[in-house]
Amino acid sequence: MSHNLGRVVFDGRTFNESEGLDLASPGPPGGLRFVMLHFDNVNLTGAAKLTVELGYDTDVFTNSSGANFWSRPVDAAVTPIQIRITGGTGSARLMEFGTGEPSLTPGAAAGEPCGSQSNPDVFLHTSPYQDPFFETRLKCNNAFNFGRCSRWVLCHTPVYRAAFRWQVADSNLDDIGAAL
């Protein structure tokens, strides 16, 4: 069960406190669901902050964030994505960005042994949400049953069984596992 959630695209643009960076919509029209930004060569002095408008919040990075980091997902409805250095001097490079886009496995139909269709719509822009189609090559007993899988892990793996038993104290693990 795997999905291709999108692309990683090299960018390489450098910016500073004088010139911010506006990233225009980097994906296919109507298909982009989210973007994650990878910064490197970050040099922020004093109280300088690198900020990224996410659409639901603002990521704020300071010199204690290090010289290399990723943003949280940016809502694809935000365009352009505004990246700024404020409150001091500094520079950074937008090394690359990852895009979350619906995709089909090339050369295979969704739901076939090696074919999947992803829907990384973490901000729920499509309505109704369309569930992804998984590859079926690892499917057993005609259906995916994640409840059975989690029960097996809890009941038959000593490390997980011990950890789970510790969390539920005196509960009967077999009754809890059967309910999963």
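Every number here is computed from the coordinates shown, using simple stated rules; none is lab data. A quick note: this is a predicted structure, and the numbers were derived from the prediction, not measured. Cβ placement follows ideal geometry from the backbone for every residue including glycine, while neighbour counts extend to all protein chains displayed.
What the table shows:
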item	result
Where labels lie 7 Å past Cα in the beta-carbon direction, separation of T45 and T58 in nm	2.3 nm
Net charge over other residues, Cβ less than 11 angstrom from the Cβ of G87 (K, R count +1; D, E count -1)	+1
Added length on full extension, which subtracts the Cα-Cα distance from 0.36 nm per residue, V8 to T89	26.3 nm
Neighbourhood charge, 14 Å Cβ-Cβ cut-off, centred on P73 and excluding it, Lys, Arg +1 and Asp, Glu -1	-4
Cβ crowding within 10 Å averaged over residues, with 104-113, 81-90 ranked highest first	81-90, 104-113
Net charge contributed by nearby residues that have their C-beta within less than 13 Å of T58 (K/R +1, D/E -1)	-1
